[in-house]
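The values are calculated or read from the model by the stated rules, or taken from the named source; none is laboratory data. Predicted model only: the values in this text are computed from it and were never measured. Reconstructed Cβ throughout: ideal geometry from the backbone, glycine too, with neighbour counts over all protein chains shown.
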């Protein structure tokens, strides 16, 4: 019954989250793989990367995303998100229930996972990564508490994971922490470690060895395995400028809740109200470090912390007695939950409205109707949608930030977008014919001051500037805030006072 309520929570949480800037290029890549039966190993969407090689570390997830679209269009994509979100919450609930031994208190753990996952619920491959992380934790728990044969599921988990998302490396770290902890046996106050019996540990080591072998079953071998390390260690522009990779601040409500969970959990141990196992302490520390380092890793913190918190709270909660269950009232609740989830599922019109509100859809229609041709300079957040909706127009940049950092273009574009370089340099270097920008871009005030650029389109989401040499006088007056544009140029040092 509680799992049914989690399904309702999942649908209500994602029903207005259909549009994600990166969803579109994942969708287009999935279409290419689906229709050509080949996995692209170099960039085919942008003209600024010079067909730079890429790591197809999400290809299997991308195929599943396109498969959902092919089966049901926008509704199929939303169903993919609802199913994955529900699976994450229910799997997390099951993990907490098994780990704590209490199916009631496990709902608290599931709510912890839900709360932190709201930072990352989107039609993106990371959803499968979250689910596989929970599945790994389930398998390890069953392997050490029940039959060690459960460990043999791990190679299959990692075989799928390496081809779905780069978060498989988190799974390797998790397994290493569990293996290390299995060698210790001590009690230091409320901190406890229990050594595994040798036969169980040997089975775990064998399964990890097979899991490492399974990681090589991917399109590019070692390069795909090393990709997460390269991202974390060498992608300095990505880590320093992309919002989801920013560090967590305590004025963020999620930061305050994270701190409350960690402090509360440790206080229960310090005051002798609850034990903490060595592996739990290491996992809680690892998750806390990840959560404070990068906002997008808050989901991982929630997944790691939820079963620990559930086990600690279980001693304060009445034990669940299955023999006292009342089947028919539960069945009614489950039925009602499924009905509510179905009614809450957004309609096709609702999804199309979300697309119109959060993408440059109308601007793309204008581009096609007026036969504007590239090279095009586009807003960073628009690139993904353009790849899907206007594949005939190669983009300048999109959400594949790692690729643009590898090719050396990301820093160049960043300097242009933030007025740290002469705006004419980038426009001339790539012979740009028109610019598609958000109406909040600083360049909206700068381009009108460059005599060769003219504003030809504007709506609530986007504006289009075209070189005067390829377009006649505009049909209608467009607002031109010259004073703001001059100020922007002066601030950038491109115009003397």
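Scanning region 142-159 for residues that are buried (at least 17 other Cβ atoms within 10 Å of the Cβ) and either in contact (Cβ under 8 Å) with a residue 60 or more places away in the chain or not in a helix (DSSP H, G or I) (or both) turns up 143, 144.
For region 406-417, the criterion of being surrounded by fewer than 20 Cβ atoms within 10 Å (Cβ to Cβ), closer than 29 Å to residue 124 by Cα and modelled with pLDDT of 95 or more is met by none of the residues.
You will find that of 346, 307, the residue that is in a loop (DSSP other than H, G, I, E, B), within 25 Å of the chain's Cα centre (by Cα) and either assigned by TED's automatic domain parsing to the domain that holds residue 119 or over 24 Å from residue 137 (Cβ atoms) (or both) is 346 and no other. Residues considered: 339, 355, 395. Of these, the only one that is loosely packed, with under 13 Cβ neighbours inside 10 Å and farther than 30 Å from residue 274 by Cβ is 339. Filter region 188-209 for residues that are without any contact (Cβ under 8 Å) to a residue 12 or more places away in the chain and outside any loop (DSSP other than H, G, I, E, B); which is farthest from residue 269 (Cα to Cα)? Taking the candidates together, the pick is 209.
The conditions are (1) touching a residue at least 12 places away in the same chain (Cβ under 8 Å); (2) in contact with a strand residue (DSSP E or B) (Cβ under 6 Å, 6 or more places away or on another chain), and residue 51 fails exactly one of them. Which is it? Status for residue 51: all satisfied but (1).
Can you pull out the residues in region 310-324 that are in a helix (DSSP H, G or I) and surrounded by 15 or more Cβ atoms within 10 Å (Cβ to Cβ)? Don't jump to the end; show me each part of the working.
Applying the first criterion (in a helix (DSSP H, G or I)) to region 310-324 yields 310-314, 322-324.
Answer for region 310-324, where residues must be in a helix (DSSP H, G or I) and surrounded by 15 or more Cβ atoms within 10 Å (Cβ to Cβ): 310, 311, 312, 313, 314.
None of 214, 193 is surrounded by 14 or more Cβ atoms within 10 Å (Cβ to Cβ), under 26 Å from the mean Cα position of the chain (by Cα) and modelled with pLDDT of 95 or more except 214. State yes or no: is residue 450 surrounded by fewer than 19 Cβ atoms within 10 Å (Cβ to Cβ) and modelled with pLDDT under 95? Judged against the criteria, residue 450 is a match.
Which residue is nearest to the chain's Cα centre (by Cα), if the candidates are limited to region 1-29 and must be within 20 Å of residue 382 (Cβ to Cβ) and part of a helix (DSSP H, G or I)? Among those residues, the one meeting the criterion is 23. Restricting attention to region 265-296, which residues are modelled with pLDDT of 95 or more, in contact with a strand residue (DSSP E or B) (Cβ under 7 Å, 6 or more places away or on another chain) and surrounded by fewer than 19 Cβ atoms within 10 Å (Cβ to Cβ)? Matches in region 265-296: 277 only.
Among the residues making up region 240-253, those that are loosely packed, with under 15 Cβ neighbours inside 10 Å and outside any loop (DSSP other than H, G, I, E, B) are 240, 243, 244, 253.
Residues are listed down the side, and each one gets a yes or a no for (1) touching a helix residue (DSSP H, G or I) at 6+ places or on another chain (Cβ under 7 Å); (2) farther than 22 Å from residue 398 by Cα; (3) part of a helix (DSSP H, G or I):
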| site | (1), (2), (3) |
| --- | --- |
| 211 | yes, yes, yes |
| 238 | yes, no, yes |
| 255 | no, yes, yes |
| 258 | yes, yes, yes |
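Within region 57-79, one or more residues are under 20 Å from residue 337 (Cβ atoms) and out of contact with any strand residue (DSSP E or B) (no Cβ under 8 Å at 6 or more places or on another chain).
Table: residues versus (1) at pLDDT 95 or above; (2) buried (at least 20 other Cβ atoms within 10 Å of the Cβ); (3) closer than 20 Å to residue 400 by Cα.
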{"site": "1", "(1), (2), (3)": "no, no, no"}
{"site": "8", "(1), (2), (3)": "yes, no, no"}
{"site": "29", "(1), (2), (3)": "yes, yes, yes"}
{"site": "35", "(1), (2), (3)": "yes, no, no"}
{"site": "46", "(1), (2), (3)": "yes, yes, yes"}
{"site": "58", "(1), (2), (3)": "yes, yes, yes"}
{"site": "72", "(1), (2), (3)": "yes, no, no"}
